[in-house]
Amino acid sequence: MHHKKKRVHVTSSQTIATAQSRRRFGIRAHDRDTVTHRMTLKKKIELFILACSFLSTFGLLMYHPFFHINTIQVTGIERISQEEITQAAEGIIHYKKAFILPGQSYFLVHVQEIRDILKDRFPIASITVTKQFPRGISIDVTERISTIIYDNGEYYGFAGLDGTVVEVLRAVGEDEWKTQTRPATSTDEHGEPFLDQEIVSRTHTPAIKVLTSEIGEYPIVFDTRGKSARINESVLSSEAVQSIIEWYQTLKSRTTYYPKYFQIGDMDQGVIYTDQGWYIRVDFSNTAVAQQFTVLKQVIDQNDLESGQFNYVDLRYDNKVYWQ
């Protein structure tokens, strides 16, 4: 069976229409490519501008002196040199980070790093470091006391936590002793009587203001037992030193009565003299200072005791408190 091929005649108008369609399609495709190219270029320009803005802002914040730490305020120090604390803090922040970034920039200073390094380097019990925008640092320090001023009536010296003298400071002056006398009759070498002065008692009070001015604020302990104050001599028990330091810090930070000085005698029995004229009798071998302080506060508050109304509070006995 034979199939006849069907001949299709294309007119000139159809040919023209097809050509026009192809041209229109080509134009549309070209237009789409142009639009896409333009959008891509615009996006690249926007990203470039955004990147430049970010880098400019970053550079301004990192490198402009307005945001560089230039003020370090230190508070709370009594024995540590403020200059040493300041220089140490400056040394921590003045170095390059990632080899190019300034460590003193406000935005790159890490307060935790400063806190940790200073606490390791100095005798500090607690420290708070805060940044003050735009170029300041505040450092508040509570010092850890590791030495006391030991006074045996002849010499002043530093004693460490173990109760050993580590340094002799100076001799106790005669003007730091009060002598009480009374008239007495004596005879000279020829047997002739004459009126003399007999020493009844000698009382020593440490020169608090002078010592604080010369040396700094430390617990001052007067030992009535007449022990030697030679270097490396053990003069106090470690328990007594610990108790004295804790009493000193507790009374200074939590009361209105300042501990002027401490007096210690046999069996570590002692007295804490306050700046308000009254005193506290304590057993310095008892290191439970927190509990004793709580009892002291209760006695003063519950009995409405005020300065001038009593002479002392005695905390030496368990479960019993005396005051007068």
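Bear in mind these aren't lab numbers, they're just calculated from the coordinates by the rules spelled out. Just so you know, these numbers come straight off a predicted model, no measurement behind them. When we count neighbours, we look across all protein chains shown, and the Cβ atoms used for this are built from the backbone with ideal geometry, even at glycine.
Partner lysines whose Cα lies under 21 Å from the Cα of Lys209, excluding those fewer than 8 positions away in the same chain, are identified as Lys178, Lys252, Lys260.
So, how do all the Cα-to-Cα distances of the range 101-141 break down into 10 Å bins, in percent, from 0 on up? Over the range 101-141, the share of Cα pairs per 10 Å bin runs 28, 53, 19, 1 percent. Rounded, prolate or oblate: which fits the range 162-300 when a ≥ b ≥ c are the square roots of the eigenvalues of the alpha-carbon gyration tensor, with rounded for a/c under 1.5 and prolate only if a/b beats b/c? In terms of gyration-tensor shape, prolate. Shape annotation for the chain: C-alpha extents along the principal axes are 175, 45, 41 Å, from largest to smallest.
Every helix of 4 or more DSSP H residues in the chain counts as -39500 (n - 2.57), and over all residues that averages to -12000 deg cm²/dmol at 222 nm. Only Cα pairs under 8 Å and 6+ residues apart enter the sum, and on that basis the relative contact order of the chain stands at 10 percent. Within the chain, the longest segment free of exposed loop sites, counting trypsin sites (Lys or Arg not before Pro) that fall outside DSSP classes H, G, I, E and B and have at most 13 other Cβ atoms within 10 Å, spans 8-224.
Taking amide H as placed 1.01 Å from N in the peptide plane, the amide H of Val166 sits under 5 Å from that of Phe158, Ala159, Gly160, Asn232, each at least 5 places away or on another chain. Within the range 45-134, the chymotrypsin sites (Phe, Trp or Tyr not before Pro) that combine a DSSP coil assignment with at most 16 other C-beta atoms in a 10 angstrom radius are Tyr95, Phe99, Phe107.
Applying 0.36 nm per residue to the separation of Ala288 and Arg202 and subtracting their alpha-carbon distance, the gain on full extension is 27.6 nm. At an R0 of 56 angstrom, the distance between the Cβ atoms of Leu61 and Ser126 translates into a FRET efficiency of 0.95. State, as an integer percentage, the relative contact order of the range 93-141 based on alpha-carbon contacts under 8 Å between residues 6 or more apart. Averaging sequence separation for qualifying contacts and normalising by length gives 26 percent for the range 93-141.
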